[in-house]
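Below is one structure, written out as structure tokens; comments come after it.
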Amino acid sequence: MSFLEIKDKVRAGEPLGFDDGVALFGHPNLLELGQLANDVRERLHGQRTYFNRNMHINATNVCVASCRFCSFARLKAGDPGAYTLSLQEAWGRLRARVEAKDPITEIHIVNGLHDGLPFSYYTELLAGLKKICPTVHLKAFTAVEIFFFHQHFGLPVVEVLTQLRAAGLDSLPGGGAEIFAPRVRRKVCADKCDGDQWMDVHRTAHGMGLRSNCTMLYGHIETIEERVEHLLRLRALQDETGGFQTFIPLAFHPDGNALQRLAPPTGVDDLRTFAVSRLLLHNIPHLKAYWVMLGLKTAQTAQWFGADDLDGTVQEERIYHMAGAETPQRLGVSDIVRLIAQAGRLPVERDTLYNVLAEGGELVSTKPYRRSLAPSAGVVS
Amino acid sequence: MNARVRLAAVPFLSARPLTYGIERGLAEDRFELIFDSPEGCARRVESGLAELALVPSATYRSLSLALSPALSLEPPFERGRDCRVVPRVAAVVRDALPSEFADQHSLGALSGSVDDWRRRSGLPFVSLLWSGRSGAIGAEVANLLEQSLEQGLARMRDIASAFAESHGGDPAAHERYLAHSMGYRLGSEEMSGLGAFLEHLRMAESPEATDRVPTRIRLFDFAYAQENAKPAAQPVERKKTPMLERKKTPMPGLDRLLSDAAAGNRVSIAEAIRLYENAPLLDLGRAADERRRFLHPQNRVTYIIDRNVNYTNLCVTACKFCNFYRPAKSKDAYTLSREVLAQKFSETVAMGGIQILLQGGVNPQLRLDYYEELFRWTKANFPLALHALSPEEVSFIARQEQLSIREVLERLVAAGLDSLPGGGAEILDDEIRQRISPLKCSTDTWIAVMREAHALGLRTTATLVFGFGETCEHIVKHLDRLRALQDQTAGFTAFICWPFQAEGTRLRLGDDTTAQRYLRVFSLARLYLDNFPNLQVSWPTMGPAIGQVALRFGGNDFGSAMIEENVVSQAGAVFKLSAEDIERRVRAAGFVPRRRNMRYELLPDCSDAGATCLRGQHAAVGERDAKVPSLGA
């Protein structure tokens, strides 16, 4: 399949096939590929680049799974480095933000699969957060966690989701998809739900009217064909339900995990993966360059390779930072706005469901800019 | 347009190839051709009796002044929506001016001859142009004018003999004149010449004009019509704020400018500014990538293994952007002892390094003999090249010793100096230098040191550091100084740029130092520096990811697997890469990695059987280490 034929298909709005995807990953001219993805991106979103004001809560890193790419999880409570936040501590995080008059709109909650916590821990966690700030959107628990709750507490997936929604759940994050191919999952994450189960959780959530995101962890042991297949499976579910909002390619970080002998994906890999994702996933509206994982420089550059979102201000991200991410723990709104504007894009603050809250000039502070001197290394515990 | 396009043209010999096709009936139904004097042609366009006139460029200038301000040439592109359009064909004098040109037509108020002009400006002289009101012609007409010229170029002999019949003279001489003294394409150099000439005229006519908005000429471009024919992109409602104003929609002519630059046509200062301000990131990058492919078709990316040794941090220059130097009284001021240097140098050799990049503060305690002895000692004991002393250090030594720069360099070369690093250039603009590094050498001194070094056969690199609140014009003028010197000496091997690293320094500028800006400046430099063979990416400041990506924006060198670096790492850049890591990234970007020396000569390929290779002998230092590793301690 030649690049020109693929280009014609993209221009005509036809879905690309498996062979097209593989060919695009192999296309030698990175910038030509980027321009094609950028055409699609600008067709969908013009000059806009979205971000939100959010915070992360990783309530526990105790996890029964031992995924080989993970630097975050500890097997048992009490292992060195293991932690579990009390509900008071978790709520305190939000309370601190509210008291600081930080107008966050979303809390992103992703945790280890802790086998010692009752289901009520999770429902109370959500309910307590909603009580402190009723308007905040709770994007919580990956499909892997939902599936773990289903198995661990003996509840059907739909029941898990119903109870969590009653407690305050608004949408699901897209993590845990890794690579769907069974060969890869057996090798790197044998203890978590398989691809079909991951899809089922999202299908069920979409059926209940919940929105969700989706991801792909790339750059470890997967092949290009496995990446393409993964993307096409996401696209197929989206055709069925329309419930995915955003796709987030996640680069594998090797520090401190069982795969640390692997070389991480390079900048060219990252940008190529963004561009191909934009071209293959024609039915998923947004493509997020998650700056915590990519680094600010690559995340900014990705805005010209198909991405239209940067994630948010992010407070206290732990999962990637324990795998060696050097990015800061948080970004101020003025930093993000500036980063987007300097990328030549129009900054747009959104909520989790992509309602526009403010854009362009409304976001530009009238105060003179001061370079943020926040320390960039180390994990805050 | 349904009516015929009325063309008024001067009947000069040099103009005949331009009108040849039309005279012979090309697109008869589209054109009406009238011959007239230059003044007559100008009047016809002015009064609407013709749509286009082929007139001497000096007339073009006065013509524009005679018209309403909205139609004049002066407004810069952004405001000059109603500029005239000029097809990309014109008569360009390569050699002597034809006798038929009375001086008032060709040179207007400018005194002297075309030869003087050429000598002074170094630029071609554009004598005749198609000019008219914008909107007068479309792509179709411009195309036909090109066709007319093409037919003319194919029939030079016929033109010459016909002219000899009607006006006398030797047909062979006429033909020689057309073929050798004239050119008919408006490339970037011709546009520079035209712009400079019109500017010159304006100054000659009204020397009191102080608000100097440079004259700009707007070219008709075929891409414009095509762009306009495309359905408009989805409109984006956007609110204007100063910060967001920089975004502009692609402009007519940019595609042509980019393809010309990618093909190696010289880019003028005005064109470079236009590209920098308007070309979308990936368009600029692709043009630079194409240019790189043309210069380095073997798809090779080179790198070197060397060690950056900063022999002293004591410095009297006290640049505001520097976090490395210590004043003389500081407790932390150091000058490395021979023992420490010996250890660092032997480690470098053991790790496969072939060169020491030796730079330090400007330390008045060290005299020329210190450097001479250091270099001799190094050469006597280690198989290492000395890439040492930036122009700032050299000029300081010259002042201190009251010697000329040449004498200092000669003595250093005799002691073992191999090449000069291009540091300390920052922005080669004295206004900016005064602001950020008032004690550092001036632009002229920096250039003078490099000129002397090149004259002595030394090779040097050139750098640019941006993010000091400079404008794009400062950056382009910096590049222009480098390009001009390179035209004379060809002594620069490579160009390297990076954004100012602010952390911990005294400069709080908040200027744009993002990856986007880096990639823009970098690609622009690849296009502008058409006489620089190599462009080195700056992964130590931009990080390995963007460093690698920059290889696709015009870069062909990955710099150094640096064993040590102390300056930018003191200001927040903390990346480290081993040779293996570099090679992996180069391959992942689609290139073949090769080691080189400072002169960019390739070293034996590591993959060749039997070649001795020290690849990967030193431990890979994790690129995410937050601290500079203490390999040298």
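The values are calculated or read from the model by the stated rules, or taken from the named source; none is laboratory data. None of the values given here were measured: they were computed from a predicted structure. Cβ placement follows ideal geometry from the backbone for every residue including glycine, while neighbour counts extend to all protein chains displayed.
Residue-wise test of (1) without any contact (Cβ under 8 Å) to a residue 60 or more places away in the chain; (2) under 22 Å from B:Asp512 (Cβ atoms).
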residue: B:Asp430; (1), (2): yes, no
residue: B:Ile436; (1), (2): no, yes
residue: B:Thr443; (1), (2): yes, no
residue: B:Leu458; (1), (2): yes, no
residue: B:Thr463; (1), (2): yes, yes
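Each row is one residue, and each column tells you yes or no for (1) within 18 Å of B:Ser419 (Cβ to Cβ); (2) modelled with pLDDT under 95.
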| residue | (1), (2) |
| --- | --- |
| B:Arg451 | yes, no |
| B:Asp480 | no, no |
| B:Asp487 | no, yes |
| B:Thr505 | no, yes |
| B:Gly510 | no, yes |
| B:Ala515 | no, yes |
| B:Ser523 | no, no |
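Each row is one residue, and each column tells you yes or no for (1) at pLDDT below 55; (2) among the charged types (D, E, K, R); (3) touching a strand residue (DSSP E or B) at 6+ places or on another chain (Cβ under 8 Å); (4) not assigned by TED's automatic domain parsing to the domain that holds B:Leu420.
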| position | (1), (2), (3), (4) |
| --- | --- |
| B:Ser538 | no, no, yes, no |
| B:Arg552 | no, yes, no, no |
| B:Gly572 | no, no, no, no |
| B:Leu602 | no, no, yes, yes |
| B:Ala633 | yes, no, no, yes |
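Scan the stretch A:84-97 and tell me whether some residue there is within 14 Å of chain B (Cβ to nearest Cβ), in contact (Cβ under 8 Å) with a residue 40 or more places away in the chain and surrounded by 21 or more Cβ atoms within 10 Å (Cβ to Cβ). Explain how you work it out, then say what you get.
Taking the stretch A:84-97 and keeping what is within 14 Å of chain B (Cβ to nearest Cβ), we get none.
No; the residues of the stretch A:84-97 include none that is within 14 Å of chain B (Cβ to nearest Cβ), in contact (Cβ under 8 Å) with a residue 40 or more places away in the chain and surrounded by 21 or more Cβ atoms within 10 Å (Cβ to Cβ).
Just name the residue that is nearest to the chain's Cα centre (by Cα) out of those in the stretch A:307-339 that are of a type in the set (Asp, Glu) and in a loop (DSSP other than H, G, I, E, B). Let's see the steps before the verdict.
Just the residues of the stretch A:307-339 that are of a type in the set (Asp, Glu), to begin with: A:308-309, A:311, A:316-317, A:326, A:335.
With the extra rule that they be in a loop (DSSP other than H, G, I, E, B), the set shrinks to A:308, A:316-317, A:326.
Values: A:Asp308: 13, A:Glu316: 15, A:Glu317: 12, A:Glu326: 17 Å.
If we take residues in the stretch A:307-339 being of a type in the set (Asp, Glu) and in a loop (DSSP other than H, G, I, E, B), then A:Glu317 is nearest to the chain's Cα centre (by Cα).
Taking the criterion of being within 13 Å of chain B (Cβ to nearest Cβ) and acidic (Asp, Glu), would at least one residue in the stretch A:302-318 satisfy it?
yes
Please find, within the stretch B:512-559, the residue that is nearest to the other protein chains (Cβ to nearest Cβ) out of those that are charged (D, E, K, R) and farther than 21 Å from B:Arg596 by Cα. Lay out the reasoning, then the answer.
Applying the first criterion (charged (D, E, K, R)) to the stretch B:512-559 yields B:512, B:517, B:520, B:526, B:530, B:552, B:557.
When the remaining residues are screened for being farther than 21 Å from B:Arg596 by Cα, the result is B:512, B:517, B:520, B:530.
Numbers: B:Asp512: 5, B:Arg517: 7, B:Arg520: 9, B:Asp530: 20 Å.
Ranking the candidates gives B:Asp512 first.
Can you name the residue in the stretch A:270-319 that is charged (D, E, K, R) and at pLDDT 95 or above and, of all such residues, is nearest to A:Gly344 (Cα to Cα)? Give the derivation first.
Our first condition is that a residue be charged (D, E, K, R); within the stretch A:270-319, this holds for A:270, A:272, A:278, A:288, A:297, A:308-309, A:311, A:316-318.
When the remaining residues are screened for being at pLDDT 95 or above, the result is A:270, A:272, A:278, A:288, A:308-309.
Numbers: A:Asp270: 20, A:Arg272: 20, A:Arg278: 19, A:Lys288: 17, A:Asp308: 12, A:Asp309: 14 Å.
This residue is A:Asp308.
Any residue at all in the stretch B:488-509 that's in a helix (DSSP H, G or I) and surrounded by fewer than 21 Cβ atoms within 10 Å (Cβ to Cβ)? Can you show your working first?
Let us first name the residues in the stretch B:488-509 that are in a helix (DSSP H, G or I), namely B:488-489.
Subset that is surrounded by fewer than 21 Cβ atoms within 10 Å (Cβ to Cβ): B:488-489.
Yes, there is a match, as at least one residue in the stretch B:488-509 is in a helix (DSSP H, G or I) and surrounded by fewer than 21 Cβ atoms within 10 Å (Cβ to Cβ).
The rows are residues; the columns are (1) away from every other protein chain (no Cβ under 14 Å); (2) in a loop (DSSP other than H, G, I, E, B); (3) at negative phi; (4) touching a residue at least 24 places away in the same chain (Cβ under 8 Å).
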site: A:Asn213; (1), (2), (3), (4): yes, no, yes, yes
site: A:Ala236; (1), (2), (3), (4): yes, no, yes, no
site: A:Asp239; (1), (2), (3), (4): yes, no, yes, yes
site: A:Arg278; (1), (2), (3), (4): no, no, yes, yes
site: A:Leu287; (1), (2), (3), (4): yes, no, yes, yes
site: A:Met293; (1), (2), (3), (4): no, no, yes, yes
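Does A:Arg48 satisfy the condition of being within 30 Å of B:Leu551 (Cβ to Cβ), in contact with a helix residue (DSSP H, G or I) (Cβ under 8 Å, 6 or more places away or on another chain) and within 13 Å of chain B (Cβ to nearest Cβ)? Spell out how you get there, then give the answer.
Numbers: within 30 Å of B:Leu551 (Cβ to Cβ): yes; in contact with a helix residue (DSSP H, G or I) (Cβ under 8 Å, 6 or more places away or on another chain): no; within 13 Å of chain B (Cβ to nearest Cβ): yes.
Against the criterion (within 30 Å of B:Leu551 (Cβ to Cβ), in contact with a helix residue (DSSP H, G or I) (Cβ under 8 Å, 6 or more places away or on another chain) and within 13 Å of chain B (Cβ to nearest Cβ)), A:Arg48 does not qualify.
In the stretch B:227-263, which residue that is at pLDDT 85 or above and either touching a Leu at 6+ places or on another chain (Cβ under 9 Å) or at the interface with chain A (Cβ under 10 Å from one of its Cβ atoms) (or both) is farthest from B:Lys477 (Cα to Cα)?
Step one: of the stretch B:227-263, the residues at pLDDT 85 or above are B:254-263.
Adding the requirement that they be either touching a Leu at 6+ places or on another chain (Cβ under 9 Å) or at the interface with chain A (Cβ under 10 Å from one of its Cβ atoms) (or both) leaves B:254, B:256-258, B:261-262.
On the way: B:Leu254: 20, B:Arg256: 22, B:Leu257: 19, B:Leu258: 19, B:Ala261: 17, B:Ala262: 20 Å.
That would be B:Arg256.
Can you name the condition, by its number, that B:Val301 falls short on among (1) in contact with a Pro (Cβ under 7 Å, 6 or more places away or on another chain); (2) surrounded by fewer than 19 Cβ atoms within 10 Å (Cβ to Cβ)?
All conditions are met except number (2).
Determine which single condition B:Phe468 fails, assuming it passes every other condition in (1) surrounded by fewer than 22 Cβ atoms within 10 Å (Cβ to Cβ); (2) in contact with an Asp or Glu (Cβ under 9 Å, 6 or more places away or on another chain).
With (1) surrounded by fewer than 22 Cβ atoms within 10 Å (Cβ to Cβ); (2) in contact with an Asp or Glu (Cβ under 9 Å, 6 or more places away or on another chain) applied to B:Phe468, the lone miss is (1).
Just checking, how many residues over the stretch A:349-366 are closer than 23 Å to B:Asn278 by Cβ and either away from chain B (no Cβ under 13 Å) or of a type in the set (A, V, I, L, M) (or both)?
So the answer is 1.
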